[in-house]
1. Hey, can you tell me all the residues within segment 28-58 that are among the β-branched types (Val, Ile, Thr) and either open to solvent by 100 Å² or more (accessible area, probe 1.4 Å) or at pLDDT 80 or above (or both)?
2. Can you give me the number of residues within segment 148-186 that are more than 16 Å from the chain's Cα centre (by Cα) and aromatic (Phe, Trp, Tyr)?
3. Before we move on, is Gln251 surrounded by 15 or more Cβ atoms within 10 Å (Cβ to Cβ) and assigned to a helix (DSSP H, G or I)?
4. Restricting the first residue to segment 147-165 and requiring it to be modelled with pLDDT under 90, which pairs with a second residue that is surrounded by fewer than 18 Cβ atoms within 10 Å (Cβ to Cβ) meet a Cβ separation below 7 Å and a spacing of at least six or different chains?
5. Tell me, which residue of segment 289-312 that is among the charged types (D, E, K, R) and in a helix (DSSP H, G or I) is nearest to Tyr341 (Cα to Cα)?
6. Within segment 165-186, how many residues turn out to be in a loop (DSSP other than H, G, I, E, B) and either among the basic types (Lys, Arg) or open to solvent by 40 Å² or more (accessible area, probe 1.4 Å) (or both)?
7. State yes or no: is Ile286 over 22 Å from Ser240 (Cα atoms), at pLDDT 90 or above and touching a helix residue (DSSP H, G or I) at 6+ places or on another chain (Cβ under 7 Å)?
Amino acid sequence: MFNNQNVLEYFNQLPTLLKIVWIGSVVLFILILFFLFYLYYLRAYLRGKELISKNLFTQYENDLITYLYLGENTSQINSEQQTIIDNMKVSIQNKFKRTILISVLSKLKSDISGEMALAINQLFIKTGLLNYALKKLESKKWDQIALGIKELTQFEITNVYNEISKFQNHPKQEVRNQVQLYYVSLFHFKGLEFLDNLKTPISEWNQIQLLEILQKFDDQEITDISPWLKSENDSVVLFSLKLAKIYNQFQVIEILLQLLNHQNKEIRVSAIKILGYFQVKEAKEIVKSNFSDRSSEEKITFFKILQDIVTADDEAFIIENTLNPNFQIRFLAFQLLKNNYIEKLHELKQNATEYDNSRIFNFLEVV
């Protein structure tokens with residue numbers, strides 16, 4: 001007590017600034033101790049939760065494998081399977097356990113196919129997980145909506161088409177992506193009908209995913225893509241151009257020729273590439289007719305595809321562009337001359353004075 005009084009008297013005699021420093025140091029020390037204890041507790045909690053997760057994952061995985069191998073017929077459930085279902089119904093009432101069970105089902109679904117995959121889809125319904133997925137669609141949180149649609153897609157719930165369609169033009173792109181994947185994953189080419197009235201853009205990544213899914217179904221007949229090529233939604237047009245190339249849609253060549261003068265540069269460039277891929281010679285005259293007004297990207301793309309469809313009629317056009325101010329276009333023009341009009345290239349070399357053109361000749365190894 002005496003010591004405490006001495007300390008208190010000493011503290012009271014200190015200048016105000018030093019008092020503030022001491023008080024701040026004590027408070028800081030207490031806070032540090034608090035956070036150290038909290039971090040220790042949090043670390044222990046997370047480790048415990050991770051251990052529980054691993055144990056539950058293993059348990060559910062064993063139960064599901066047992067369930068799958070107990071059933072000889074996916075349309076009939078025996079007593080042992082029913083017991084597993086009942087236990088899972090109880091477990092999924094806990095959100096943490098429900099999340100782990102869905103992850104186990106997803107893992108198994110990705111590893112198997114055939115009747116067992118169908119059995120997992122049925123189990124998703126019988127355990128009541130379907131109801132939880134549908135409840136997510138009613139959430140005000142966009143990430144929950146997207147997650148619900150993803151689960152319905154993964155477990156092939158086809159009878160909720162109308163419910164999913166409500167989110168087709170959702171403000172969040174992540175939700176729209178999941179809706180589009182639902183359509184195509186479960187309804188294949190028919191699922192592309194969402195393009196008819198789509199007002200929002202399709203992300204480039206989702207276009208790639210949709211095409212990958214579609215290419216798994218070689219036995220499917222592609223629908224008429226003509227209306228989509230005329231869509232006011234530029235992303236729909238770009239996606240349809242990819243379809244036209246992958247599925248060799250020669251019947252839409254007339255529409256592709258019209259797209260060479262589309263207001264969107266990216267669409268014009270894609271149209272040039274595809275028409276070159278189809279080796280449509282009519283495309284040349286359309287591009288050449290207003291070549292000087294086109295963007296550098298269009299010009300470069302055109303010269304690249306000209307390699308495969310060049311004819312004698314193109315000689316003057318190619319020679320004219322050996323003076324193009326764009327070095328890449330000039331290089332491609334000289335390359336075309338080397339591959340198709342070598343005598344003319346030698347003639348131009350003899351009269352070459354530009355340093356850049358000399359570099360091109362050296363690179364092309366023109367002697």
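1. Ile30, Ile32, Thr58
2. Within segment 148-186, residues that are more than 16 Å from the chain's Cα centre (by Cα) and aromatic (Phe, Trp, Tyr) number 3.
3. Judged against the criteria, Gln251 is not a match.
4. Once the first residue is modelled with pLDDT under 90 and sits in segment 147-165, no partner that is surrounded by fewer than 18 Cβ atoms within 10 Å (Cβ to Cβ) comes close enough.
5. For segment 289-312, the residue satisfying everything is Asp308.
6. Qualifying residue count, segment 165-186: 4.
7. Numbers: over 22 Å from Ser240 (Cα atoms): no; at pLDDT 90 or above: yes; touching a helix residue (DSSP H, G or I) at 6+ places or on another chain (Cβ under 7 Å): yes.
It is false that Ile286 is over 22 Å from Ser240 (Cα atoms), at pLDDT 90 or above and touching a helix residue (DSSP H, G or I) at 6+ places or on another chain (Cβ under 7 Å).
To keep it simple, each residue is scored yes or no on (1) buried (at least 18 other Cβ atoms within 10 Å of the Cβ); (2) closer than 18 Å to Ile157 by Cβ; (3) touching a helix residue (DSSP H, G or I) at 6+ places or on another chain (Cβ under 8 Å); (4) of a type in the set (A, V, I, L, M).
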residue	(1), (2), (3), (4)
Leu64	yes, no, yes, yes
Met88	yes, yes, yes, yes
Ile92	yes, yes, yes, yes
Ser110	no, yes, no, no
Ile120	yes, yes, yes, yes
Lys140	no, no, no, no
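The values are calculated or read from the model by the stated rules, or taken from the named source; none is laboratory data. Computed from a predicted structure; not experimentally measured. Cβ atoms come from the backbone with ideal geometry, glycine included; neighbour counts cover every protein chain shown. Just so you know, the surface numbers come from the protein's heavy atoms only, side chains and all, with ligands and any DNA or RNA stripped out. Shrake-Rupley method; radii C 1.70, N 1.55, O 1.52, S 1.80 Å.
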